[in-house]
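Engineer: Take a look at this one; I'll ask things after.
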Amino acid sequence: MYDSLELEQTSTVDRAADALRQALFAGDLEPGTPLREVALADSLGIARSTVREALGLLAAEGLLTRIPYRGVLVAALDPADVHDVIAARLALEEAGVRAWPTASPEAREAVRDALGAYEDAARSGARPGPLAEAHLAFHRALVALSGSSRLVATADSLHGELRLALAGVDRRRGNAQQQAAAHRALLDVVAGDDTAAAVTAVRAHLADAEESIGEAVTR
């Protein structure tokens with residue numbers, strides 16, 4: 001009996017987190033917006049404790065920020081943050097693309113599968129949230145070519161910080177299929193025989209990402 005009650009509570013928390021996540025990715029809650037537990041509980045028709053747990057989940061994903069004496073706010077990056085995160089991503093993804101020649105067949109196939117899923121999401125007109133998830137899954141798979149679970153965990157942490165900003169970029173651009181095609185072109189270079197060209201390609205790709213995300217966070 002108690003196990004059932006616990007599972008039901010978890011389900012309620014997950015549903016609340018999903019509702020908030022959708023609002024964030026849809027742009028209904030702008031970066032820096034404070035989130036009040038009482039108001040959210042009333043709006044969602046759930047207990048305040050459930051809202052608190054849902055907010056904790058989103059904070060762990062990097063979508064929200066807890067600030068002492070101010071509460072929970074929608075995460076906001078500035079251009080310096082974006083530059084720092086992209087620099088860290090570059091180190092991780094360079095390690096991945098350099099490892100392509102010696103990576104396992106399974107790791108290489110995971111990159112191709114992730115790109116296919118991203119292309120499918122773009123073609124189907126997926127919402128900004130799922131589209132950003134598919135986008136970042138491709139980059140995660142690039143890092144995983146390194147064979148290091150610690151590098152992948154670091155990438156996951158960085159992606160959490162970028163997910164909200166990236167969804168905003170994708171929402172404003174409205175050219176998901178074009179972006180997916182750019183990732184297909186990147187993979188074509190990475191999967192070639194020229195490691196130097198692959199490194200150059202990933203550097204150029206992330207430089208473009210920094211410019212786009214930097215513009216988004218200053219609006």
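The values are calculated or read from the model by the stated rules, or taken from the named source; none is laboratory data. Just so we're clear, the structure is a prediction, and the values are computed from it rather than from any experiment. Methodologically, a virtual Cβ is constructed for each residue, glycine included, from the backbone with ideal geometry; neighbour enumeration extends over all protein chains shown. Quick note on the areas: whole protein, heavy atoms, side chains included, nothing else; ligands and nucleic acids left out. Shrake-Rupley method; radii C 1.70, N 1.55, O 1.52, S 1.80 Å.
Table: residues versus (1) within 25 Å of E210 (Cβ to Cβ); (2) open to solvent by less than 20 Å² (accessible area, probe 1.4 Å); (3) modelled with pLDDT of 90 or more; (4) not basic (K, R).
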{"residue": "M1", "(1), (2), (3), (4)": "no, no, no, yes"}
{"residue": "L5", "(1), (2), (3), (4)": "no, no, no, yes"}
{"residue": "T10", "(1), (2), (3), (4)": "no, no, no, yes"}
{"residue": "L55", "(1), (2), (3), (4)": "no, yes, yes, yes"}
{"residue": "A87", "(1), (2), (3), (4)": "yes, no, yes, yes"}
{"residue": "G96", "(1), (2), (3), (4)": "yes, yes, yes, yes"}
{"residue": "P101", "(1), (2), (3), (4)": "no, no, yes, yes"}
{"residue": "P105", "(1), (2), (3), (4)": "no, no, yes, yes"}
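Engineer: For region 57-85, which positions are on the phi > 0 side of the Ramachandran plot and either among the small types (G, A, S) or at pLDDT 90 or above (or both)? Break it down stepwise before answering.
Structural biologist: From region 57-85, those on the phi > 0 side of the Ramachandran plot are 62, 69, 71; that's our starting set.
Once the filter is applied, which keeps residues that are on the phi > 0 side of the Ramachandran plot and either among the small types (G, A, S) or at pLDDT 90 or above (or both), region 57-85 yields G62, G71.
Engineer: Ok, one more. Any idea which of (1) farther than 30 Å from S148 by Cα; (2) assigned to a loop (DSSP other than H, G, I, E, B) is the one L77 doesn't satisfy?
Structural biologist: Single failed check for L77: (1).
Engineer: If a residue has to be open to solvent by 60 Å² or more (accessible area, probe 1.4 Å) and either farther than 17 Å from A181 by Cβ or in a helix (DSSP H, G or I) (or both) to count, how many in region 110-137 make the cut?
Structural biologist: Going through region 110-137 one residue at a time, the tally reaches 7.
Engineer: Do the conditions hold for L73, that is, is it open to solvent by less than 50 Å² (accessible area, probe 1.4 Å) and within 19 Å of A132 (Cβ to Cβ)?
Structural biologist: Values: open to solvent by less than 50 Å² (accessible area, probe 1.4 Å): yes; within 19 Å of A132 (Cβ to Cβ): no.
No.
Engineer: Of the conditions (1) in a helix (DSSP H, G or I); (2) buried (at least 16 other Cβ atoms within 10 Å of the Cβ); (3) hydrophobic (A, V, I, L, M, F, W, C), V38 satisfies every one except a single condition; which number is it?
Structural biologist: Failed condition: (2).
Engineer: Can you find a residue in region 26-34 that is in contact with a Pro (Cβ under 9 Å, 6 or more places away or on another chain), open to solvent by less than 40 Å² (accessible area, probe 1.4 Å) and either modelled with pLDDT of 90 or more or closer than 28 Å to E215 by Cβ (or both)?
Structural biologist: Filtering region 26-34 down to residues in contact with a Pro (Cβ under 9 Å, 6 or more places away or on another chain) leaves 26-27.
This time we only want the ones that are open to solvent by less than 40 Å² (accessible area, probe 1.4 Å), so: 27.
Those still in the list that are either modelled with pLDDT of 90 or more or closer than 28 Å to E215 by Cβ (or both) too: 27.
Yes; the residues of region 26-34 include at least one that is in contact with a Pro (Cβ under 9 Å, 6 or more places away or on another chain), open to solvent by less than 40 Å² (accessible area, probe 1.4 Å) and either modelled with pLDDT of 90 or more or closer than 28 Å to E215 by Cβ (or both).
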